[in-house]
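Engineer: What follows is a single structure, and I will ask about it in a moment.
Read-outs throughout are calculated quantities, based only on the coordinates presented, and are distinct from any laboratory measurement. Note that the coordinates shown come from a computational prediction; the quantities given were computed from them, not determined experimentally. Note that each Cβ is placed from the backbone with ideal geometry, even for glycine, and that neighbours are counted across all protein chains shown.
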Amino acid sequence: MLVSAKEMLEKARDGKYAVGQFNINNLEWTKAVLLTAEEEKSPVILGVSEGAGKYMTGYKTVVGMVNGMLETLKITVPVALHLDHGSYQGALDCIDAGFSSVMFDGSHYPIDENVEKTTALIKICRDKGLSIEAEVGSIGGEEDGVIGKGECADPEECGRIADLGVTMLAAGIGNIHGAYPADWAGLSFETLEAVKKRVGDMPLVLHGGTGIPEDMIKRAISLGVAKINVNTECQWAFQKATRKYIEDGKDLKGKGFDPRKLLAPGYDAIRATVKEKIQLFGSNGKA
């Protein structure tokens, strides 16, 4: 059964570890994340971007697939199904489809409009028992066509959004979606500390978890980050393993490529990546 992310993130905040959000794009990715989380006894958040939702033919299809796996695979750890970087309409659609958590990314709006739209969604989520994430300060890189520069959030604006009653807050602290450039300045812990001081006990979210050095990850967790998003690293692992299988020509005999065999190396690579991140974040054994 899908659950809100609220309880798992509050436990992570208090226990000084972080829950991983791993974005899913198909059946293999979803199965890999769920089985690895179950083996590691870790709570987990399945992230779905609007682009991935469309690719998988719609949010109801995603909900049906995930619920079916939870039952058939006998998953016992807490699992939240979460819209990642959602628009206002996307959040409403996911709520209707049966997601247990949504993110409304209003960071590109003026702060007053961000507050207005977030307030409306908070009421809906609260009535339905869902968790909701908001963002202040755009995250660097590209996410479904939206490009951010990785600027640092204004702690006072973070406070305005936090005071509305969101479950968790993503604040830009110099983090970037995708690969980090060689001249990246690193996370701004000064900004993170200021945001934490302003929002109090609210669980904080670190987007762009791929490529951040381990010492920065651990320091961010110690300063209140309770959820870390990982997507690009899983994409790289899946692509590398699947491409090698094709280049090696291991399935060229007989009838040609069996898609189950073709995707198996990528599936195994994702499992290894998710396991590594769960252990780095410290959420293993915390379910």
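Engineer: Which members of segment 1-42 meet the condition of being touching a helix residue (DSSP H, G or I) at 6+ places or on another chain (Cβ under 8 Å), assigned to a helix (DSSP H, G or I) and crowded, with 16+ Cβ neighbours inside 10 Å?
Structural biologist: Hits for segment 1-42 are 28, 29, 30, 31, 32, 33, 34, 35, 36, 37, 40.
Residues checked against (1) in a loop (DSSP other than H, G, I, E, B); (2) under 16 Å from the mean Cα position of the chain (by Cα); (3) closer than 21 Å to residue 23 by Cβ:
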| residue | (1), (2), (3) |
| --- | --- |
| 165 | yes, no, no |
| 178 | yes, yes, yes |
| 183 | yes, no, no |
| 186 | yes, no, no |
| 197 | no, no, no |
| 201 | yes, no, no |
| 205 | no, yes, yes |
| 212 | yes, yes, yes |
| 215 | no, no, no |
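Engineer: Restricted to segment 54-65, and to residues that are within 12 Å of residue 26 (Cβ to Cβ) and not polar (S, T, N, Q), which residue is surrounded by the most Cβ atoms within 10 Å (Cβ to Cβ)?
Structural biologist: 62
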